Amino acid sequence: MTEPASPLPVVSADPVQRARALRPLIEVARDELEHQRALPASLVDALVAADLFRLWVPREVGGAEAPLEVLLRAVEEVSQVDAAVGWNLAIGG
């Protein structure tokens, strides 16, 4: 079992680009994800650090209030590597 690298820094204002930047980290975590049947804490931390879990939350309560299309495109980016990560992002987005 390989430990995923530390979370990537958020380098883009575009949520879809931030999701795309996490693809290598998701790829590394796939075996652990499959074995444990849960997202590794390091991957959850990376999704949080990339500010992807509050995309569709209204600004007035601390979210990004992104359009639905942006959330779906971010979910699509991570789902192409692992569907479970996309499912979690869709629920938490």
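After finding the eigenvalues of the alpha carbon gyration tensor for the chain, what semi-axes result from the square roots of 5 times each, listed largest first in whole Å?
On the way: eigenvalues 96, 32, 27 Å².
In descending order, the three semi-axes are 22, 13, 12 Å.
Nearest 500 deg cm²/dmol is fine: what mean residue ellipticity at 222 nm does the chain get from its DSSP H runs of n ≥ 4 alone, each adding -39,500 (n - 2.57), divided by its residue count? Walk me through the intermediate numbers first.
Working: 5 runs with 52 residues, N = 93.
Roughly -16500 deg cm²/dmol at 222 nm, from the helical runs in the chain.
Applying a length cut-off of 27 Å (Cα extent along the axis) and a mean Kyte-Doolittle floor of 0.5 to the DSSP H helices of the chain leaves no helix. Give the shape of the range 31-81 as rounded, prolate or oblate, defined through the alpha-carbon gyration tensor: a ≥ b ≥ c are the square roots of its eigenvalues, a/c under 1.5 means rounded, and otherwise the shape is prolate if a/b is larger than b/c and oblate if not. Oblate shape, in that a/c is at least 1.5 and b/c is the bigger or equal ratio. Over the chain, accessible surface divided per residue gives 59 Å², non-protein components excluded, 1.4 Å probe.
Proximity of backbone amide H atoms, modeled 1.01 Å from N, is registered between residue 57 and 64, 65, 66 at under 5 Å, excluding neighbours fewer than 5 places apart on the same chain.
Using a 1.4 angstrom probe on the protein heavy atoms only, could you order 91, 26 from most to least accessible area? Each step should come with its number before you reach the end.
Numbers: 91 110, 26 0 Å².
Result, largest first: 91, 26.
The residue list 78, 56, 21 was ranked by how far each Cα lies along the charge dipole of the chain toward its positive end, using unit charges on Cβ atoms, and 56 comes out on top.
The values are calculated or read from the model by the stated rules, or taken from the named source; none is laboratory data. Please read all numbers here as calculations on a predicted model, not as lab measurements. Note that each Cβ is placed from the backbone with ideal geometry, even for glycine, and that neighbours are counted across all protein chains shown. Ligands, DNA and RNA are excluded from the accessible area calculation, which covers all protein heavy atoms including side chains. Shrake-Rupley method; radii C 1.70, N 1.55, O 1.52, S 1.80 Å.
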